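Everything on this sheet refers to the single structure shown next.
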Amino acid sequence: MPGFQDSRPAQYLKWLNGGAMLLHVTYFVLGVLLYINGSLSIKLVQDVPTYYSNVSGAVNASQCDIVEKDFLVSYTSDCSVGEWDGLLGE
């Protein structure tokens with residue numbers, strides 16, 4: 001009669017534990033890199049698009065803007081998204 005170690009739920013638990021271990025090792029490596037760098041947090045930045053229509057003639061667009069016919073999509077960086085703390089992992 002097979003024991004719990006050989007059962008299907010035990011195999012699932014082994015895979016879940018392996019995934020949790022990988023996640024914790026990743027957080028550990030990121031935390032060590034931040035500590036060595038002298039900063040314990042990373043500032044999160046999000047690119048926010050602004051849409052303009054009926055743009056005529058020469059458009060003062062930067063290299064990151066998308067211009068197609070009469071439409072312009074301009075991206076600006078929003079730095080108020082938050083920070084990721086390497087020690088707390090949040």
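The values are calculated or read from the model by the stated rules, or taken from the named source; none is laboratory data. All figures in this text were calculated on a predicted structure; none of them were measured in a lab. Every residue, glycine among them, receives a Cβ derived from its backbone with ideal geometry; neighbour counts consider all protein chains shown.
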query = Hey, among the residues in the range 30-51 that are surrounded by fewer than 10 Cβ atoms within 10 Å (Cβ to Cβ) and either more than 30 Å from Val73 (Cβ to Cβ) or among the hydrophobic types (A, V, I, L, M, F, W, C) (or both), which one's modelled with the highest pLDDT?
reply = Ile36
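Every residue, every condition in (1) over 30 Å from Leu30 (Cα atoms); (2) modelled with pLDDT under 75; (3) among the basic types (Lys, Arg); (4) surrounded by 12 or more Cβ atoms within 10 Å (Cβ to Cβ), yes or no:
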residue: Ser53; (1), (2), (3), (4): yes, yes, no, no
residue: Ser56; (1), (2), (3), (4): yes, yes, no, no
residue: Val59; (1), (2), (3), (4): yes, yes, no, yes
residue: Asp65; (1), (2), (3), (4): yes, yes, no, yes
residue: Glu68; (1), (2), (3), (4): yes, yes, no, no
residue: Ser80; (1), (2), (3), (4): no, yes, no, no
residue: Trp84; (1), (2), (3), (4): no, yes, no, yes
residue: Leu87; (1), (2), (3), (4): no, yes, no, no
